[in-house]
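Structure first, then comments.
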Amino acid sequence: MMGFALALAVTAGAAQGQPPAGPPPPLPDLPAGRPIGAGEIQRMFDAYTMIQAQDALKLSEAQYGKFVTRLKALQDARRRHQQARNQMLADLRRLTAPDVTTLDESAISERLKSLREEDDRGTQDVRKAYDGVDETLDTRQQARFRIFEERMDQQKLELLMRARQAARPPAQRRGRS
């Protein structure tokens, strides 16, 4: 866990617009010797984002408490929507699998309608959450927040790819270099 925190700290320079000081370190394993899972990386990365935001956005102490609460609400809204969406897509995948002999078009239509409704609901929820975050920030900080989020998303993808690479058996990792 400490190694992962160190890996996140090394990436902090990029989140603040500074060039990285060399190649990023490999992701460590957890104490039990198992690779870090995507869900665990997501939780750790969300916490890391909250900590890094104060410096990246130049938040005052007074702003930080409200900001963190509202950022967490934004992260939760995104996660809830993505989980619901993933479940609906899994249902569609199951209903339209190549081995399904008779298509249930009414069930497929219902799932497609539900997916559209979830996308609309998710968009509204995320927009409201962004409005809440923006209420705690001045205009310049709002712009910085959007840039900061983009950088954090890039870093999260990089960390997830590195975690996936670390989870492969050693023979597969060498073969892909």
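Values quoted throughout were computed directly from the atomic coordinates according to the rules given, and no laboratory measurement underlies them. Nothing here was measured: the structure is a model prediction, and the numbers come from that model. For neighbour counting, all protein chains shown are included, and Cβ atoms are generated from backbone atoms with ideal geometry for every residue, glycine included.
Name the one entry in Ser114, Ser106 that is hydroxyl-bearing (Ser, Thr, Tyr), on the phi < 0 side of the Ramachandran plot and surrounded by fewer than 10 Cβ atoms within 10 Å (Cβ to Cβ).
Numbers: Ser114 fails: surrounded by fewer than 10 Cβ atoms within 10 Å (Cβ to Cβ).
Ser106 is the lone residue from the list that is hydroxyl-bearing (Ser, Thr, Tyr), on the phi < 0 side of the Ramachandran plot and surrounded by fewer than 10 Cβ atoms within 10 Å (Cβ to Cβ).
Taking the range 92-122, which residues are within 19 Å of Arg79 (Cβ to Cβ), within 23 Å of the chain's Cα centre (by Cα) and without any contact (Cβ under 8 Å) to a residue 40 or more places away in the chain?
Kept after step one, since they are within 19 Å of Arg79 (Cβ to Cβ), are these residues of the range 92-122: 114-115, 117-122.
Right, trim to within 23 Å of the chain's Cα centre (by Cα) and you get 115, 117-122.
Result: Leu115, Glu117, Glu118, Asp119, Asp120.
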### Task
Identify, by number, the condition in (1) of a type in the set (A, V, I, L, M, F, W, C); (2) part of a helix (DSSP H, G or I); (3) closer than 23 Å to Asp138 by Cα that Leu59 doesn't meet.
(2)
### Task
Determine if the range 83-91 includes at least one residue that is aliphatic (A, V, I, L, M), touching a residue at least 12 places away in the same chain (Cβ under 8 Å), surrounded by 15 or more Cβ atoms within 10 Å (Cβ to Cβ) and farther than 28 Å from Met50 by Cα.
yes
### Query
If you take just the helices (runs of 4 or more DSSP H) that sit entirely in the range 79-177, which of them hold at least 1 residues that are closer than 27 Å to Asp46 by Cβ and of a type in the set (A, V, I, L, M, F, W, C)?
105-135, 139-167
## Note on the structure
Within the range 121-150, restricting to residues that are surrounded by fewer than 17 Cβ atoms within 10 Å (Cβ to Cβ) and basic (Lys, Arg), the one that is farthest from Tyr64 (Cα to Cα) is Arg121
